[in-house]
Amino acid sequence: MALALTARQLFTPIEAVEDALVLIEDGDITEITTRSAREVPARTRSLDFPDAVLAPAFIDIHIHGGAGHDVMETGPESLPAVEKLLACHGVASYFPTTVTAPLDRILKSLDGLGAAIEAGAGSHPEGRARPLGIHLEGPFLSHTRRGVHPTDDLVSPTVPIFERMWQAARGQIRIITIAPELPGALEVIAEATRRGVCVSLGHSDAELSAAHAGISAGARHATHTFNAMRPLGHRDPGILGAVLDDDRISADIIADGIHLDPLIVDLFLRAKGPERAVLITDAIAATGMPDGKYWLGSLEVDVAQGQCLSGGKLAGSVLTLDRAVRNVMKFAHWNLQQAVQLATWNPARVVQQHDRRGMLAPGKAADLVVLSPGGEVRATIVNGRMPAA
């Protein structure tokens, strides 16, 4: 059935449209106009949001779980639970993210995730976010900047090991986080880039020259900037100097007020600007759940008052992407339209999904979020369908 959405305002997000009208058919946007310029066609279901804002649905390119489940679980209830929670927070598409574990477990998880992505490529269940590809975080990480990733399971990067993971994932790996200073990393970066994977620099103790070498080999993004990275020094800028300065690199942050001080969020956004900054959650199974003990891969994590700790170190977050958008408005004093771009158009370009997602325009997927003027989610429309009440 054709669907018409009307609202006080719409963010494409590059442009704002007042008194907006969006026409949707067969899961795609067919027209964006205004109510004064166009009447709702006959035999079209119409939904009006008179005091709300329409925007592209959010895209989370780094998420480990939620609703009590980890994406590396193999049970049939895991991903559906995560996907329902994501849709409640404005997310229509996501990239399930692995964590360092024994290689056999990574391969098993990649097989399950690859199968789920293949199955979801057709008709995806209503009211659930859709997995579009896998984010491989680990095992090609620095021992020095591993965070909570188990040191015994870290692996030196080689193309044959990457090939094993690629085959296990059925070719569905779309992002890989890697430390560029590791022996063999440049070869893996080049090979992953050749296959269309977004290579992201992270969990790295790289000096500036090693970071530049990774970028020259094909890396074009950075993972949870500042966290699990060599600190910025005024005589030793290191990887952070490259990430913040180089316009070839986009970069993401966890804007929860815990991983980064609000001032650092503001400074990061000034450095990368509205085109290259991306919001992620790095959310774990505890997201949307009460405080307690949860799992991140094989790691037990204690969650209390918004902090996720394993062995005294931060281990992911319980952040949701709508909260991250509102935090940008609070921390950096950006308006809603500017903040929304960091969770829509920018991540879509990072993962090369911008031909279908991240922008409201004719021919794009009808993935939308309905927001209050303050950024609270009122509804999420996935593939042109409203979730059941």
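The values are calculated or read from the model by the stated rules, or taken from the named source; none is laboratory data. None of the values given here were measured: they were computed from a predicted structure. Positions of Cβ are backbone-derived with ideal geometry, glycine not excepted, and every protein chain shown enters the neighbour counts.
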field: Single match in Gly233, Gly238 (criterion: more than 17 Å from Val278 (Cα to Cα), among the small types (Gly, Ala, Ser), in contact with a helix residue (DSSP H, G or I) (Cβ under 8 Å, 6 or more places away or on another chain) and modelled with pLDDT of 95 or more)
entry: Gly238
- request: State which residue pairs qualify: first residue more than 12 Å from Leu107 (Cα to Cα) and in the same structural domain as Phe140 (by TED's automatic domain parsing) and inside segment 164-177, second residue acidic (Asp, Glu) and surrounded by fewer than 22 Cβ atoms within 10 Å (Cβ to Cβ) in any location, beta carbons under 9 Å apart, and separation of 6 or more residues or different chains.
  value: Gln172/Glu118
field: Counted residues, segment 335-356 - those being crowded, with 23+ Cβ neighbours inside 10 Å and not β-branched (Val, Ile, Thr)
entry: 8
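This table checks each residue for (1) among the aliphatic types (A, V, I, L, M); (2) closer than 28 Å to Gly297 by Cα; (3) surrounded by 20 or more Cβ atoms within 10 Å (Cβ to Cβ).
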site	(1), (2), (3)
Ser250	no, yes, yes
Ile253	yes, yes, yes
Asp256	no, yes, yes
Asp261	no, yes, no
Val265	yes, yes, yes
Phe268	no, no, yes
Gly273	no, no, no
Ile280	yes, yes, yes
Ile284	yes, yes, yes
- request: Among the candidates Val243, Val328, single out the residue that is farther than 19 Å from Ala179 by Cβ, crowded, with 24+ Cβ neighbours inside 10 Å and in contact (Cβ under 8 Å) with a residue 12 or more places away in the chain.
  value: Val328
- line: Across segment 28-74, the tally of residues that are under 21 Å from Thr97 (Cβ atoms), aliphatic (A, V, I, L, M) and not in a strand (DSSP E or B) stands at 4
query: Restricting the first residue to segment 20-46 and requiring it to be closer than 17 Å to Lys364 by Cα and without any contact (Cβ under 8 Å) to a residue 12 or more places away in the chain, which pairs with a second residue that is surrounded by fewer than 15 Cβ atoms within 10 Å (Cβ to Cβ) and among the aliphatic types (A, V, I, L, M) meet a Cβ separation below 9 Å and a spacing of at least six or different chains?
result: none
field: Unique residue being closer than 18 Å to Ser204 by Cα and surrounded by fewer than 24 Cβ atoms within 10 Å (Cβ to Cβ) when the list is Pro102, Pro183, Pro160, Pro125
entry: Pro183
- request: Please tell me if Pro50 is touching a Lys or Arg at 6+ places or on another chain (Cβ under 7 Å) and in the same structural domain as Leu3 (by TED's automatic domain parsing).
  value: yes
